[in-house]
Amino acid sequence: MCYEGHIQTQSLRAGVIEYLEEAKALGLKVAIASSSEYKWVSYYLKTHQIHHYFDAIATFDDVERKKPCPDVYSKVLEKLNVQEKEAIAFEDSLNGLKAAKNAGLKCVVVPNSITKNLPFEQYDRRLNSMADTSLQDIIKADN
């Protein structure tokens, strides 16, 4: 697999583990809605030993259209059996933000080093890092 070396040298972004642990402690369902192939997503999750945090995964393999179309978000909501108004998306790309909003979700953007200067618009909240605030504070602000 050509992505193995890249994934192994790439660490998780700050705050990710804390959000995953907090979500589980709060009894929340956690999912991934990705435009990547399942084999890439699965390899990434297993390499970083975080696969067990996720209740559902929807990838490009599960839908006909990639982001910014809402298909992958609609699929993951279906797998979780939750409504749009019950979910919050966390995105680092413009197409991801558009897909989340097109699916009717609230969206917190957390740009990465490559996307941080892109013209994000119509998000519900923007963070520089998940380490900046707790998941519970995000949820409280959403209500």
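The values are calculated or read from the model by the stated rules, or taken from the named source; none is laboratory data. Just so it is clear, the model here is predicted, and its values are computed rather than measured. Positions of Cβ are backbone-derived with ideal geometry, glycine not excepted, and every protein chain shown enters the neighbour counts. Remember, those area values only see protein heavy atoms, side chains included, never the ligands or the DNA or RNA. Shrake-Rupley method; radii C 1.70, N 1.55, O 1.52, S 1.80 Å.
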Name the shape class, rounded, prolate or oblate, that the alpha-carbon gyration tensor gives for segment 97-141, where a ≥ b ≥ c are the square roots of its eigenvalues, rounded holds for a/c under 1.5, and otherwise prolate holds if a/b is larger than b/c and oblate otherwise.
oblate
Restricting to DSSP H runs of at least four residues, report the calculated mean residue ellipticity at 222 nm for the chain, -39500 (n - 2.57) per run over all residues, nearest 500 deg cm²/dmol.
-10500 deg cm²/dmol
Given charges of +1 on the Cβ of Lys and Arg and -1 on the Cβ of Asp and Glu, with all other atoms neutral, how large is the dipole of segment 1-105 about its Cα centre, in debye to the nearest 20?
160 debye
Relative to the present Cα-Cα distance, how much length would full extension add between Ile50 and Glu21 at 0.36 nm per residue of separation?
9.4 nm
Determine the share of segment 1-101's accessible area contributed by carbon and sulfur atoms, expressed in whole percent, with a 1.4 angstrom probe.
49 percent
Can you list the aspartates and glutamates whose alpha carbon is less than 14 Å from that of Lys98, not counting same-chain residues fewer than 8 positions off?
Asp71, Glu121, Asp124
With the other protein chains left in place, how much accessible area per residue, in square angstrom, belongs to segment 15-55 at a 1.4 angstrom probe?
55 Å²
Full-extension gain between Leu12 and Lys85, please, as 0.36 nm times their residue separation minus the C-alpha to C-alpha distance.
23.5 nm
Taking Lys67 as the anchor, which aspartates and glutamates have their alpha carbon closer than 15 Å to its alpha carbon, excluding any fewer than eight residues away along the same chain?
Glu37, Glu91, Asp92
With a ≥ b ≥ c taken as the square roots of the eigenvalues of the C-alpha gyration tensor of segment 65-143, please select rounded if a/c is under 1.5 and otherwise prolate if a/b is larger than b/c or oblate if it is not?
oblate
Enclosed volume per residue, in Å³, of the convex hull spanned by Cα atoms of the chain
110 Å³
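Does segment 33-85 classify as rounded, prolate or oblate by the C-alpha gyration tensor (a ≥ b ≥ c root eigenvalues; a/c under 1.5 gives rounded; else a/b over b/c gives prolate, otherwise oblate)?
Here segment 33-85 falls in the oblate category.
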